Amino acid sequence: MAVNDHVRKSICEDGLSSPSIRSLDVNGIDAEVAQFFAQSKLISKNPVIDEATNARLRWLIHKRVLSVMVITYFAQTLDKGTINFASIMGIREDTRLQGQQYAWLTTCAIAFLILLSSLLWEFPTNRFLQRLPVAKYLGLNIAAWGAVLACTATCTNFTGLIIVRTLLGIFECVCQPAFVFLSTMWYTREEQALVIGAFYSMNGFQQCVGGLIAYGIAQVHQAKLKNWQILFTLLGCITFVWGLFVLWWLPDSPIRATCFSPEDRLLMAERVRKNDTGLQNKKFKVGLSSLKSLSLMRIVDEALKDWTVWAIVIISFTNALPTGGLGAFSNIILTEFGFTQLQTYLLAIAQGAIIMLFLFSAAYLSKRYKQRLILEFIYTLPNIAGTIVFLCVPTSSKTRVGLLLAFYCTQGFGAVAVLNLAVMSGNIAGRTKQVMASSLVFIAWAVGNAVGPQVFRDNDQPRYLKAFVAHIVVYGVQLVTICLLRIHLMRQNALRRRGQAINRVSTETSKEDSDEGLAHKHAFDDLTDKENPECTFLSLFKSTGISHQQLVRYVY
């Protein structure tokens, strides 16, 4: 899609100072982005965003964007977790589930039977997110999964449950990739870990609220509907209404956010310039990249051959596999420890609080120390410790408290997931490459969640030793991958230090503002992290002693 003649003329006549506009290549920068900056007269004034203005803009974005992400992710995790609470409300008996059928219900909802949903639908939904208005596509999917969830109450057998849980997987798989796109579009790199941590913490909060809701519904007796049917109907209807609200409330992008003034929209776009990851590009580039000619499929090929992408994908899978199993079987495991149904619901509240503690501490430490990969390594260790206890300590009334504490230790997976998403959003640039990387990461997440319940075999009750042995193995793979990824990024930064140095500023200035030396001329040109000479890898600055001024951009 070429930029129209009026915009071209406006760019030339106004002499706009935006580096992205001056170096406009119609095959690279999105036409809507070009029009937005060309028509914003303030761009010629080279606006400076002070701390007070930045705080005000951030608060406006929180109200419109972060609030939607947090509540939507809460709804998704709560809706997905209903099968866990229903498992001890009688759904297995009422629908005559046998053997591994319950495990398959969780698998279908999370991964749409792995191949049919993840491999065939995850990429299309990422493509739709790139091509369609993000808010509208997200809102429609939320309403759709709410309707499907409510329909679960009508199921009477395994076949019906398979169908609705599969449809649930289709509509829910839009959430995480949509939120990553929104995070890179609205928030700076430094803010992204906290933003991702905020919505991901709903994994824990839903355990708290879900436990209370399940306990309250469990007190309903002699109703026409079974308790688990009430649970699905209530949450499904609430989610449907929320999806309609999202359609109205959430802006699609800073460019289209008519709920804000034109000046604020411009400043919101400028504040994320230093991300160097772009705002949007509806064109899936398979031929030419921005500002330079590339061979056919160059960007797709770059994503598929980028070791950073595949390392993040592997970590996504290894972290999701234990999550999927523990998420589906946690209440069953707790009842096997000897806790009553009421105690199990109440313990779910404590479990949720611990998950939130892991998540918020990881987000805070990431922002404080900027050591995401090291923190991923550290937060994997409690998972390993808790799993070893499961393998070594037999289940009895005397050991159930210790086993419960070990179970709580295994809840560090959420922190690792947040940090991994932050590594991806901060180090993968270019909308087309982001679509490819995001698709691969969430396919890995879906496959891991789908495989997770299957390692808990019905004939391995009550201790599920084989499942926890599998968890130990994948945790080992995860630790090795984290170490290799860190070494890889250190090597990339070393290569860039050997290239041509950027303009240096005074030593005093470099100490005060490590981003001062960067012009971010290609911030909105939709270049990949390898194409953009100003894009740097986030995880290692502090550990290697490299400031932004000292980092050099080696063009591949």
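Observations, loosely collected:
- Rounded accessible area of Phe245 (nearest 10 Å², 1.4 Å probe): 70
- Within the full protein context, the accessible area of Val473 is estimated at about 90 Å² for a probe radius of 1.4 Å.
- Inter-label distance for Val469 and Val401, nm, one decimal - labels placed 7 Å from Cα along Cα-to-Cβ: 3.2
- Highest average first, the peptides 77-88, 305-316 ordered by how many other beta carbon atoms sit within 10 Å of their residues are 77-88, 305-316.
- Counting only protein heavy atoms and using a 1.4 Å probe, the accessible area of Val148 comes to about 20 Å².
- Probe 1.4 Å, protein heavy atoms only - accessible area per residue of the range 428-498 in square angstrom: 36
- Positive-end residue of Tyr137, Ala218, Gln229, charge dipole of the range 53-278 with Cβ unit charges: Tyr137
- Computed from the C-beta positions of Glu190 and Asn459 and an R0 of 41 Å, the FRET efficiency is 0.25 to the nearest 0.05.
- As a rough guide to protection, the peptides 492-498, 444-450 ranked by mean Cβ packing within 10 Å, highest first, stand as 444-450, 492-498.
- For the residue pairs Lys136/Lys274; Lys398/Lys466; Lys224/Lys466; Lys226/Lys466; Lys433/Lys466; Lys80/Lys136, alpha carbon separations beyond 30 Å are given by Lys224/Lys466; Lys226/Lys466; Lys433/Lys466.
- Per residue, the range 53-278 exposes 35 Å² of accessible surface when a 1.4 Å probe is rolled over the protein heavy atoms with every protein chain present.
- For Cys483, Cys208, the ranking by accessible surface with the largest value first comes to Cys483, Cys208, using a 1.4 Å probe.
- For the peptides 392-399, 152-159, the ranking by mean Cβ contacts within 10 Å, running from highest to lowest, is 152-159, 392-399.
- Largest to smallest in accessible area, the residues Thr340, Thr410 fall in the order Thr340, Thr410 (1.4 Å probe, all protein chains included).
- Near-label residues of the range 362-406 by backbone N, under 18 Å of a point 7 Å along Cα→Cβ of Gln343: 394-406
- Separation between Cα centres of the range 454-476 and the range 250-270, rounded to whole Å: 49
- Percent accessible area from carbon and sulfur atoms, the range 53-278, protein chains only, probe 1.4 Å: 68
- Once the Cα-Cα distance is subtracted from the 0.36 nm per residue extended length, the Arg256 to Cys483 segment shows a gain of 77.6 nm.
- Viscosity 0.890 mPa s, 25 °C: Kirkwood-radius Stokes-Einstein D of the range 53-278 over Cα pairs, µm²/s: 132
- Lys, Arg +1 and Asp, Glu -1 on Cβ, resulting dipole of the range 326-404 about Cα centre, debye, nearest 20: 320
- Spacing of the two label points (7 Å from each Cα toward its C-beta) at Arg368 and Leu495, in nm: 3.4
The values are calculated or read from the model by the stated rules, or taken from the named source; none is laboratory data. If you're wondering where the values come from, they're calculated on a predicted model, not measured in any experiment. Every residue, glycine among them, receives a Cβ derived from its backbone with ideal geometry; neighbour counts consider all protein chains shown. Remember, those area values only see protein heavy atoms, side chains included, never the ligands or the DNA or RNA. Shrake-Rupley method; radii C 1.70, N 1.55, O 1.52, S 1.80 Å.
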